Structures are given as structure tokens and as C-alpha cells.
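For reference, the structure discussed in these notes is given below.
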Amino acid sequence: MINAKYPGLPDADEIDIAALKAKYREERDRRMRRDGQYQYINGTQDTAHTYEADPYTTETPRDPVSEDIDVAVLGGGWSGIMAGVHLRRNGFTSFRHIDHAGDFGGVWYWNRYPGLQCDNDAYCYLPLLEETGFMPSKKFTDGREIREYAQDICRRYELYENALFHTMVEGLRWDESSKRWRITTDKGDDIRARFIIMANGLLNIPKLPGIPGSDEFKGHMFHTARFDYDYTGGSEENPVLDKLADKRVALVGTGATAIQLTPFLGRYAKQFYLLQRTPSCVDSRRNEETDPEWVKTLQPGWQMERRANFHRGANEAFMPGEKDLIRDIWTEVNCNLSAELEEQDWPELSMEEFMARYEEMDFRVMERLRRRVDEIVEDPETAALLKPWYRYQCKRPTSNDEYYQTFNRPNVTLIDVSATQGVERLTEKGFIANGQEYEVDCILFASGYEVTSDLDRRWGIPVFEGRNGVSIYDHWNGGYKTLHGMMTSGFPNLFTTGYYQGALNSSLPYNFEVQVEHMVHIIKSVLERGAVAAEVTEEAQAAWIAHMRETEVDRTEWIRDCTPSYFNNEGKPDVDENGNEKYRFYLGELYGPGWDAFLQLLQEWRDAGDLPGLKLDKAS
Ligand code: NDP
């Protein structure tokens with residue numbers, strides 16, 4: 001057998017799919033809120049908490065910068081770092097990174113909570129492993145190791161010398177007379193960049209639930225993206241949260257962050273309440289240390305092969321005879337399916353038949369994960385509350401070997417707040433859940449990030465104007481309009497990373513790397529042609545959008561049936577609150593033919609050599 005089914009996977013006749021579908025729908029419906037994404041407050045606008053402040057690096061005062069440069073890279077996370085790598089590789093010297101953090105790293109800079117690890121196979125996730133020779137210490141490596149590796153790449157590619165940290169961009173304006181973007185910042189800078197690469201990430205702005213009474217609570221509060229070790233005790237290196245020994249602590253949220261953090265709060269707090277609206281599914285972690293003997297066997301090209309294998313396992317399907325190299329929660333459905341199809345000698349299946357088999361396996365895997373809860377959690381009522389009732393990948397799948405075990409501790413209480421669609425209210429002394437007041441000293445929020453909110457909230461750049469002073473927020477108000485998800489008409493020399501009208505790869509840094517590599521190719525080509533500006537023609541943009549729509553794979557039914565979250569714009573995946581077609585699919589529109597086809601399409605576009613669909617401006 002090439003692939004083996006996971007132990008404990010129920011047979012198809014052990015589950016009742018119709019009954020499960022009804023249960024999933026019921027669980028979804030009772031969580032649907034009329035206010036959708038507007039239930040949240042932008043964390044950076046919450047004046048009671050200083051999310052703008054950097055708890056990790058002391059700011060060094062500097063004079064304002066006034067200069068002309070070739071490229072401004074807005075953001076120092078993985079996409080910004082990889083943009084810098086490709087700019088350097090292509091001989092660029094006149095570029096700057098601008099970031100409000102005190103160093104490179106993006107989410108891995110800001111997030112330092114206890115238990116932080118990469119939830120994805122690090123051998124796929126971390127870029128440039130073959131080039132740098134770096135090997136992560138384990139499969140799901142620690143946040144600190146990721147940050148240090150990211151910063152090591154920045155040193156190798158000499159990105160530090162150009163970086164402006166602790167700097168918030170306040171305005172981006174296209175200046176037609178100079179054919180440059182004028183960038184203004186909170187440090188008084190006036191930077192005139194020929195090109196801009198938006199590398200501002202998906203999880204850059206923390207959000208808070210707009211719980212009534214939030215201003216009344218007199219205890220301590222913070223978001224997990226600014227973990228307050230001064231309050232809890234311990235440190236990132238030594239997360240012994242000893243100052244919590246006499247504290248009653250509540251954590252709001254049960255997403256990927258909370259799953260990692262919960263075991264630490266359960267271990268150290270005098271009393272720990274976990275406030276859950278929708279449970280995550282949590283598999284065993286099986287986080288093995290990197291085997292040096294395995295490393296010796298790796299042949300050149302191994303990382304791209306592994307990433308391709310991961311992508312098929314997590315988002316598409318394994319090919320007949322293909323081994324699952326990843327074998328974790330992300331690939332389990334396809335791994336089991338491949339094992340069963342192999343047992344049956346790979347029968348010929350139509351797409352519909354294959355999708356039916358996939359769907360059945362999805363239900364079986366979720367049932368296995370629910371049974372896992374019963375095996376570990378001793379109190380049956382708590383176990384029942386912890387069971388996830390939705391399809392696989394409706395909420396980000398997680399793995400942890402201490403999460404469920406935490407609920408067997410006497411000082412830990414799970415409080416289900418789904419009946420009130422979230423925490424009912426905060427009070428001076430604590431919170432109210434299901435009509436009862438609980439007194440606590442501290443409330444932590446693992447409540448996520450602005451992912452599908454309005455773009456101005458999500459990007460946090462107050463003024464963003466293209467040609468003729470048109471705001472990008474107005475330009476995209478009725479939906480994204482791009483070529484390949486990276487350039488938009490009316491905004492010359494501007495490149496956007498993300499999921500708008502492009503393809504999705506499960507290794508996010510790789511996903512962004514492909515985009516920034518393409519952008520740097522365009523920038524170089526434009527300058528080599530003696531041009532100063534490049535803009536997508538309306539026709540090319542319209543043709544790309546039409547191609548996206550013609551080839552789209554309609555996933556709205558699946559995504560709409562999921563419990564609400566940022567994956568489906570809080571249950572409203574295709575329209576915004578006013579009925580506009582604003583959020584087609586969850587994080588934008590995805591290219592129907594898939595990742596490999598998108599890569600090929602970009603390659604063919606570059607090979608064409610004449611930058612098809614771009615209008616070049618040769619004025620000086
Ligand atoms: P999420 O957005 O995934 O989760 C937010 C949580 O807060 C949800 O459980 C949500 O409940 C809950 N919540 C929101 N409002 C309320 C309310 N009013 N009352 C009670 N609960 C509420 O945020 P995370 O920080 O967990 O994760 C965000 C993303 O960050 C992940 O999806 C992942 O992409 C990334 N991440 C990556 C990690 C890695 O290892 N690579 C680790 C951690 C995070 P509900 O589900 O009902 O909306």
C-alpha cells in the first residue's frame with residue numbers, strides 16, 4: 001500500500017450523511033448573525049488598548065526621509081521579504097521596506113504567545129530551504145524559529161539597510177506629473193516611489209468582538225497578537241506563566257491561536273475559562289523532530305516536489321500511486337481516499353463520482369475527530385460541547401496533543417456561548433455567559449484578524465488614491481478588478497499580493513513568492529524598456545475577469561453551508577451587507593483551473609515577452 005488509512009476512521013456505513021448534513025445546517029443557522037463582519041471592532045482603533053505600540057522592540061527616533069526610489073515594499077512579512085529577495089536577485093538597489101513593526105517577520109513578528117507554532121508542514125512552509133541549507137528543527141516548528149529564519153534571510157539579502165521600521169503608511173497617492181507614488185507616513189516621510197508592492201498580509205490587523213460592556217471591564221485585557229508577558233509572567237523563550245497562579249483568566253475564541261495557547265493558560269492560571277462559540281477540530285499533532293538521516297536522502301528540487309504533494313493533498317487530490325509525504329490533518333481526507341481507491345485498484349471515476357467519494361470521506365474524517373474528543377475528555381457534557389459539526393476545512397483544521405487534555409483539569413471550565421452568538425456581555429468584574437456572571441482578573445482575545453472586512457479597515461491606509469484622485473476603496477467597492485490579481489486599471493505601477501482573482505496555494509509564503517516574483521519581472525521589464533509607468537488596460541482587465549468567471553468552480557454551496565467565520569465572510573460569502581457582489585468566495589475569487597494552471601498561465605504571459613495587456617508610459 002502506498003498510503004494507509006488513518007486508524008479509527010469509521011466505515012461509510014457507520015455514518016448517516018443526511019442526518020449529519022441536517023445537524024451541520026442547524027449548527028450553522030444558529031450562529032448566523034445579522035451584523036456579519038460588523039460584529040467586530042478593528043483592534044487598532046480600540047483606544048483602550050495600545051495595539052499600535054510595539055512591545056518587543058524599542059523605537060529608535062529618526063529624521064523624516066525625503067527621496068525618490070524605484071520600489072517601495074509595504075510590509076516586512078513573508079511576502080515583503082520574498083519581494084526583497086527577488087528585487088536583490090534582479091539587481092535592484094533602490095528600494096525600501098516599510099513596516100509598522102520593529103523588525104521583519106510580519107505575523108511571526110507580532111505573534112509570540114506561548115505555544116505558537118507553524119500549523120503547516122514547515123518543510124513546505126518555509127521558503128528557500130534548499131538555497132539557505134536551513135532545516136526546521138521539527139515538522140511544526142516554533143514561531144520563534146520561523147521569525148529568526150525570516151530575519152536571517154533578510155540579512156543574507158541585505159534587506160535591513162533599506163528598511164524603515166516603526167513606520168505607518170498614512171497616504172499613497174499617484175502623482176501623474178512625476179509618474180510616481182507619493183508615500184506619506186506617520187514619521188513625516190515623503191517617499192516618491194516609482195512602483196509599490198503591497199505586501200501587507202492577510203492577518204495584519206487584530207480584530208476584537210464588539211461585546212457589549214467592553215468599556216466597563218476593570219481587569220486586564222489583551223489580544224493574543226500582543227501577548228503581555230509582563231502580566232502573565234514568563235517569556236517567549238520560557239513560557240512559564242507564573243504570575244497567573246493567583247489569577248482567574250478567560251480566553252475568548254477557539255480558533256487556531258486559542259488551540260495552541262489553551263494548554264498554557266490551563267496549566268498556569270488559578271482558574272481558566274475558555275469561551276467557545278464554535279469548536280475547532282483538533283487532531284493529534286505527531287510533531288516529530290527533523291531526522292538528519294532523512295535530510296541526507298533529499299535530492300535537489302525536493303522542496304518544490306514536497307510543496308506540490310502538499311498542495312494536492314490539502315486542496316486537490318493525490319494522483320494514483322502518489323505517496324502522501326505530509327500525512328497530517330491537512331491531507332487526511334485525500335490520504336484516506338487514495339488508500340481506498342488503491343484497495344479498489346483505482347476505478348475509473350467521473351468528476352461527480354470522485355466528488356461524492358470525497359464528500360463521504362470528509363464526513364468520515366470529521367466523525368473520527370469527534371470520536372477523538374470522547375476518547376480524551378472525561379466529562380461527557382464538556383466532550384459534547386467540544387465536537388465540531390461542520391465539513392472539513394470550514395474552520396481551519398488544527399492539531400494539538402494537550403488541548404483536549406486541558407479540559408480534564410479541575411481549574412478549567414469550557415463555557416459554550418453559542419446560544420447568544422458570542423459572549424453576552426462584559427461587566428466591571430468579568431463577563432456574563434448564559435445569564436451567569438463570572439468574575440475574572442484578565443480576558444484574552446484570540447478573536448482573529450480583519451480578513452474579510454472592508455478594505456480600508458483591513459489595509460489601514462487612510463488615503464489611497466490612483467489616477468485622478470480615485471480611491472482604491474471606491475474603485476473596488478463593487479468587487480475586485482484586476483489582471484491576475486496583481487494589477488488594477490487606474491492605479492499604474494501598483495502591485496497587490498493576496499487572493500484577489502488569482503490562485504491559492506496551501507503554502508502561503510510560496511503563494512506570495514510566486515506573485516512577487518512575477519511583479520519584480522514586470523518592474524524590471526518596464527524599466528528595461530525605458531518606460532516609467534505600466535498600467536493594465538481596461539480590456540485586458542475585463543478579459544481576465546471574464547476568464548475567471550468562465551472557468552470558475554462554484555464553491556458557494558459548500559462555503560455557504562459552513563459555520564460562519566472569516567472563511568466565508570461570516571456566512572455571507574457572495575455578497576456584502578448591501579447585497580453587492582463584493583466577496584465572491586471567501587478571500588476573493590480563486591482561479592478555477594487551479595494552482596498549476598495559474599503558474600503555467602503566468603509563465604506563458606512572461607514568455608510572451610511584450611507584457612500583454614499593459615500600457616507602457618515612456619514619458620520622463
Ligand atoms: P480565528 O479568526 O480563526 O478565530 C477567532 C475565534 O474567536 C473564533 O473561535 C471565533 O468564534 C471567536 N470569537 C469571535 N467573536 C467571538 C465572540 N463574540 N464570542 C466568542 N467567541 C468569539 O482567529 P485565530 O487567531 O485563531 O486564527 C486566525 C488565523 O491565523 C488562522 O486561521 C490561521 O490562518 C492563522 N494562524 C496560523 C497559525 C499557524 O500555526 N500557522 C497559528 C494560529 C493562527 P467563531 O468560530 O464562532 O467565529
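The values are calculated or read from the model by the stated rules, or taken from the named source; none is laboratory data. Bear in mind the structure is a predicted one, so any value in this text is a computation, not a measurement. Cβ coordinates were reconstructed from backbone atoms using ideal geometry, including for glycine residues, and neighbour counts include every protein chain displayed. We work out accessible area using only protein heavy atoms, side chains counted, and drop any ligands, DNA or RNA first. Shrake-Rupley method; radii C 1.70, N 1.55, O 1.52, S 1.80 Å.
Brief remarks on what is shown
- Heavy atoms of Y566 accessible to a 1.4 Å probe, total area in Å² rounded to 10: 70 Å²
- Rounded percent of accessible protein surface that carbon and sulfur make up, segment 349-505, 1.4 Å probe: 46 percent
- The listed residues Y591, Y160 rank as Y160, Y591 when sorted by accessible area, largest first, using a 1.4 Å probe.
- With both residues required to sit in the chain, DSSP beta bridges show an antiparallel share near 40%.
- Of the residues F318, Y358, M304, the one whose Cα sits farthest towards the positive end of the charge dipole of segment 232-379 is M304 (charges of +1 on Lys and Arg Cβ, -1 on Asp and Glu Cβ, taken about the Cα centre).
- Every helix of 4 or more DSSP H residues in the chain counts as -39500 (n - 2.57), and over all residues that averages to -9500 deg cm²/dmol at 222 nm.
- Label-to-label distance for E158 and V240 is 4.5 nm, based on points extended 7 Å past Cα in the beta-carbon direction.
- Heavy-atom accessible area, probed at 1.4 angstrom with all protein chains present, ranks V536, V553 as V553, V536, highest first.
- Nonpolar atom fraction for segment 238-314, defined as the carbon and sulfur part of the 1.4 Å probe accessible area, stands at 52 percent.
- Net charge of neighbours whose Cβ lies under 10 Å from the Cβ of E517, counting Lys and Arg as +1 and Asp and Glu as -1: +1
- Along the axis of the charge dipole computed for the chain (Cβ charges of +1 for Lys and Arg, -1 for Asp and Glu, origin at the Cα centre), the listed residues A383, V532, H484 are led at the positive end by V532.
- The shape of segment 288-352 comes out prolate: with a ≥ b ≥ c from the C-alpha gyration tensor, a/c is at least 1.5 and a/b beats b/c.
- Overall form of segment 41-153 per C-alpha gyration tensor (a/c, 1.5; a/b vs b/c): oblate
- Taking Cα centre as origin and charging only the Cβ of basic (Lys, Arg, +1) and acidic (Asp, Glu, -1) residues, the dipole magnitude of the chain rounds to 880 debye.
- The distance separating the Cα centre of segment 123-199 from that of segment 462-502 comes to 20 Å.
- Filter on K179/K481; K138/K247; K138/K296; K323/K572 - keep pairs with C-alpha separation over 25 Å: K138/K247; K323/K572
- For the chain, taking a cut-off of 4.7 Å between Cβ atoms, the unpaired cysteines are C118, C124, C154, C281, C335, C442.
- Sorting D617, D215 on solvent-accessible area from highest to lowest, probe radius 1.4 Å, gives D215, D617.
- Whether segment 452-512 is rounded, prolate or oblate, judged on the alpha carbon gyration tensor where a/c under 1.5 counts as rounded: prolate
- Using a Förster distance of 22 Å, the FRET efficiency for R425-D228 (Cβ separation, nearest 0.05): 0.45
- Taking the Cα centre of segment 419-487 as origin and assigning +1 to Lys and Arg Cβ atoms and -1 to Asp and Glu Cβ atoms, the resulting dipole is close to 420 debye.
- Taking other residues whose beta carbon is less than 10 angstrom from the beta carbon of R144, and scoring Lys, Arg as +1 and Asp, Glu as -1, yields -3.
- Area accessible to solvent at R192, 1.4 Å probe radius, in Å²: 50 Å²
- Rounded to the nearest 20 debye, dipole of segment 428-544 from Cβ charges on Lys, Arg, Asp, Glu: 440 debye
- For Y449, distant residues with modelled amide H under 5 Å away: K207
- A simple count of charges around G102, restricted to other residues whose Cβ falls under 9 Å of its Cβ and scoring Lys, Arg +1 and Asp, Glu -1, yields -4.
- Between Y358 and T93, the modelled label-to-label distance comes to 5.0 nm, taking each label 7 Å out from Cα in the direction of the beta carbon.
- Taking only protein heavy atoms and a 1.4 Å probe, the accessible area of segment 44-195 is 45% carbon and sulfur.
- E316 exposes around 70 Å² of accessible area when a 1.4 Å probe is run over every protein chain in place.
- Full extension of the chain segment joining E342 with R549 gains 71.0 nm, where the gain is 0.36 nm per residue of separation less the Cα-Cα distance.
- In the context of the full set of protein chains, the chain has a per residue accessible area of 40 Å² (1.4 Å probe).
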